[in-house]
Every structure is written in C-alpha cells, then in structure tokens.
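None of the figures in this text is laboratory data; all of them are computed from the coordinates on show. Here the structure is a predicted model, which is why all the values come from computation and not from measurement. Neighbour counts run over all protein chains shown; Cβ positions are idealised from the backbone, glycine included.
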Amino acid sequence: MSHLFSKSFYSILALCTLSLVACANNTSEDSTKKSETNPDDVTLTLPSGFKAVVFAENLGGTRHLTVNANGDVYVKLSRLKNGKGIYRLRDTNGDGKAEDISGFGNFGGTGIAIKNGYLYASSDEEVFRFKLDANNNIVNPDKPEKVVTGLLSRHEHEAKAIALDNNGNLYVNIGAYSNACQVDDRQKGSPGMKPCPILDSAGGIWQFKADKLNQTYGDGTRYATGLRNVVGLDWNTSTNTLFVMQHGRDQLHDLFPDMYDTKQSAELPAECMYELHKGSNCGWPYIYYDQLQHKKILAPEFGGDGKKTGGEDAQDPVVAFPGHLAPNGLLFYTGNQFPEKYKNGAFVVFHGSWNRAPEPQEGYYVVFVPFKDGKPSGNWEVFADGFSGGPDFTASGRAKHRPCGIAQAPDGSIYVSDDAKGTIWKISYGK
C-alpha cells in the first residue's frame, strides 16, 4: 500500500480546520496558485501557469464529455434539454468558447466516448453509437445503432458510465441498487445478505463487444465485481488496463451507532481508485477500505466492528481518498501541453459530498495523482477548486457548481463539466 496516504499527510489533516483543500495544498509540489473568475458566480483556483475559460454554460445536467479529433466537444446530458440528450459544441473562431451548439439524441444519461469512427453514448438502460463521417460529423443523428440493451436500472446508482479499450471492447458500469446489501436497505442494524444476490447482475463492470449490436447481459461478461458504484472510469493506455473510481458506502454511524461516531462516519470509508483486470474483485459489500488504518475492514453488516479486517480475496486500491467526495470523473492525461509532471497521471473529478454532517461537506474539486511506470508516484493534490463558490458553499453542501466529467482535447487542454448549472470549463496551460 505504498501509494496510499502517508501518516505524515494525516498529521497535516488533523491540523486543518477549514477543508481538505488546505491539506492538499500542504502536500502539493506546486503550491503557487492563481485564480480565474469564470463564470461570474465562482472563482476557480488553478496551479500557476494554468487558466480556465467558460467554454459553454446553461446546458443543463452536463455529465460526461468527449472531444473529437477536430476539437468538437460532445457532452451527455442527464435529462433532455429542448428534447435533446447530447450536445455538440464547436469553437468556430479559436477563442476557447463554443459558438456553434447543436443537439441530438432523444435519451438522457451519463456515458459518452469516441472510438474508431463512432460516438458512443449511454442512457441508464442502453448504450448507443452514432457513425462519424470523414469530416467528423454525425452521419444520422436521429437513428443511432443500439449496441447494448436491457441494462439493469433500479433508480439507485443507475448511471451507466462507459469506457472503451483498444481491442474492440466496451466496459459498462452496473451500479449496485443498494448501499451495503442489507436485508432491509439502509435500515439501522439490518444484517447483510451473504452471498449478496445483487452481485449476480450489478455491483461491477460488464464487458461487451464494441461493434456488436443489440447485446444484452447474456452477451456480456462480468469483467469485475465487488464495486458498489463507478461513475468515473478510464482506459489507461500506458498500462493497457481499466482504472475505476468507486463510490464508497454510506451511513456507518446511522446504521451502526454503537460502532461508529459521526466523525468516523463522515470520513469513512475511502473513495478508492482500482486498477482492474478480468476477474477482479474489489470486495463490496463485505468489506470497505479504511484509509486511516490502511486496511480492508469487515463491514458491520457482515460481522465487522470497525477494526476486524476482511477481504483476503479482494484486491487493494491503488489510491484511497477521504470518504464521501463522490468521484464522478477520471482521466489519464496523455497530452503534451501540460508540464511533464502531469504526463500519464490521473485527474479525478469529485462531485462533492452530501452525507458528512455534522462535519462540513467536502469535495467539489478536481485533483491530480502523479503516476510513474503505471503506478501512483506521490500524494494527490487539488488541481482545480472553487466550483462550489467558496468555503461556506462547500461546507453547507450548497455548491453553485458540481464538477462531474472530464475530457482531453487534441491540443492537450482539458474540459470539465458541471451538472448543477450546465457549465463547461476549458483549462489550458501557458496560453
């Protein structure tokens, strides 16, 4: 576990009273920051040399996004806006802002990606693809091909985030429709079901063929299991493996007040980054990862007491972040615009917490994890902050903007989406 938080970091954490942002600044290799104000209601804070502009705004629930080879940005909306669930954003004059905006697709959802001449996009039950022509335009926006149909959606962790590898495979998150697989979900003291029946059809990553139409569960393979819910995922081309960010379980104190106090419940369990391989098991619901003890802990629903370890057959995370930050976006940076330290490192977008009370809410920022030789090589640091509107908005959970998706442009800049007001920022270096 050499790539997880060090004890020295938690010494810093114990002294910080305002937020985890201050802690991350204490561990950052580059603590010199500058602020960019955009849009008018927030001030983004970035490392020195970076700047942000608002690429588009007021688009609605902008979830994940992807960038085409010609620079066009495609963004998936959680719900339809003017009858459309996907918007193409084009900068026609090179000023870093979208002037040409058009919509298509009659379904809401989260996932979107471009691969081998197709734009892939997901609803909460299906994955579609749209053919791109030689000029990078959608051939038939009103008639997408259906790649996967009938995916499980029970209105909890229903977002179908997607990723594609370089061997013709499509990966889809099937979130667990449960917090911890209790007999009575989210009920105080209710025991866990063992074996957990949810894992047969959810709580993991499913693999499908990217070029085969009308697939269902039976045509796919359960690629990884024991993952409560994944929204941020990315195929790491330097390791040729899938990395995911898991949303950790909730309500340790509410459900087991004799074992956990409110502070423990706010801080635990970790939000974990995993590197997956076929057959990976990350341990949900039987265990959770405690980033303070640096251990896999047996869940209280299954006989744990906050100290007993478990999950001997479950893999360890490669990075463990503080609890309840809601990681919704993941990107491994392969561009050349940013300084060398960012090359092949991971950007993680934290949507922000709702359930850390009575402790302050936290998150609403983008962090960076340095990687070397395919492994984390240092402490994570806050890269872009200020989306919430300030410390008071963060602490209360009344964030003005909640970052969600992230994508890299051909020129090496990155885009970050916000699903509270539908703002998209373009972040670049040295321009």
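List, in order, the whole-Hz ³J(HN,Hα) value for each residue of the range 58-73 obtained from phi through the Karplus relation with A = 6.51, B = -1.76, C = 1.60 and θ = phi - 60°; use x for Gly and Pro.
Along the range 58-73, the couplings run 6, 8, x, x, 6, 9, 7, 8, 9, 10, 7, 4, 8, x, 5, 9 Hz.
Tell me which residues come under 5 Å, amide H to amide H, from L170 once H is placed; ignore anything under 5 positions away on its chain.
Result for L170 returns F208, K209, A210.
Among the lysines, select those whose C-alpha is under 21 Å from the C-alpha of K131, and discard any that sit fewer than 8 residues away in the same chain.
K76, K84, K115, K143, K146, K160, K209, K212
Kindly identify the range 7-429 as rounded, prolate or oblate by the Cα gyration tensor criterion: order the square roots of the eigenvalues as a ≥ b ≥ c, call it rounded if a/c is under 1.5, otherwise compare a/b with b/c, prolate if a/b is larger, else oblate.
The shape class here is oblate.
Could you work out the relative contact order of the chain, using alpha carbon pairs under 8 angstrom and six or more residues apart, expressed as a whole percent?
The normalised contact order for the chain reaches 17 percent.
Quickly estimate the mean residue ellipticity at 222 nm for the chain, helices only: each DSSP H run with n ≥ 4 gives -39500 (n - 2.57), and the total goes over all residues, rounded to 500.
Calculated at 222 nm, the ellipticity per residue is -2000 deg cm²/dmol.
What length, rounded to one decimal in nm, is gained on full extension from K194 through to K209, with 0.36 nm per residue of separation minus their alpha-carbon distance?
That pair, K194 and K209, stretches by 2.2 nm at full extension.
Counting other Cβ atoms within 10 Å, which trypsin sites (Lys or Arg not before Pro) in the range 244-332 have at most 15 and lie in a DSSP loop?
Within the range 244-332, the qualifying trypsin sites (Lys or Arg not before Pro) (loop, at most 15 other Cβ atoms within 10 Å) are K278, K307, K308.
Report the FRET efficiency, 1/(1 + (r/R0)^6), for D392 and T262, where r is their Cβ-Cβ distance and R0 is 35 Å, rounded to 0.05.
0.95
Test of understanding: ordering L164, L170 by Cβ neighbours within 10 Å, fewest first, what list do you get?
Ordered from fewest to most neighbouring Cβ atoms within 10 Å, L164, L170 come out as L164, L170.
Any idea how far apart T334 and E99 come out in nm if each label point goes 7 Å out from Cα toward Cβ?
3.1
State, as an integer percentage, the relative contact order of the range 245-309 based on alpha-carbon contacts under 8 Å between residues 6 or more apart.
26
Determine, from the Cβ-Cβ distance of K131 and S48 and an R0 of 60 Å, the FRET efficiency 1/(1 + (r/R0)^6), rounded to the nearest 0.05.
0.90
Under 5 Å between amide hydrogens, which residues at least 5 positions from T241 or on another chain qualify, with H placed 1.01 Å from N in the peptide plane?
N236
Which residue fluctuates the most in the chain, going by a Gaussian network model with Cα springs under 10 Å, if the choices are I297, I162, I112?
I297
Post the alpha-carbon centroid distance, the range 232-303 to the range 326-388, in whole angstrom.
Here the answer is 17 Å between Cα centres.
Could you tell me which trypsin sites (Lys or Arg not before Pro) in the range 331-420 are loop residues by DSSP with no more than 14 other beta carbons within 10 angstrom of their beta carbon?
R398
Under 18 Å between alpha carbons, and skipping anything fewer than 8 positions from K263 in its own chain: which aspartates and glutamates qualify?
Partners found: D250, D254, E271, D290, D305, E359, E362.
Provide the gained length on full extension for the span T241 to D411, in nm with one decimal, where the gain is 0.36 nm per separating residue minus the Cα-Cα distance.
Length gained between T241 and D411: 58.8 nm.
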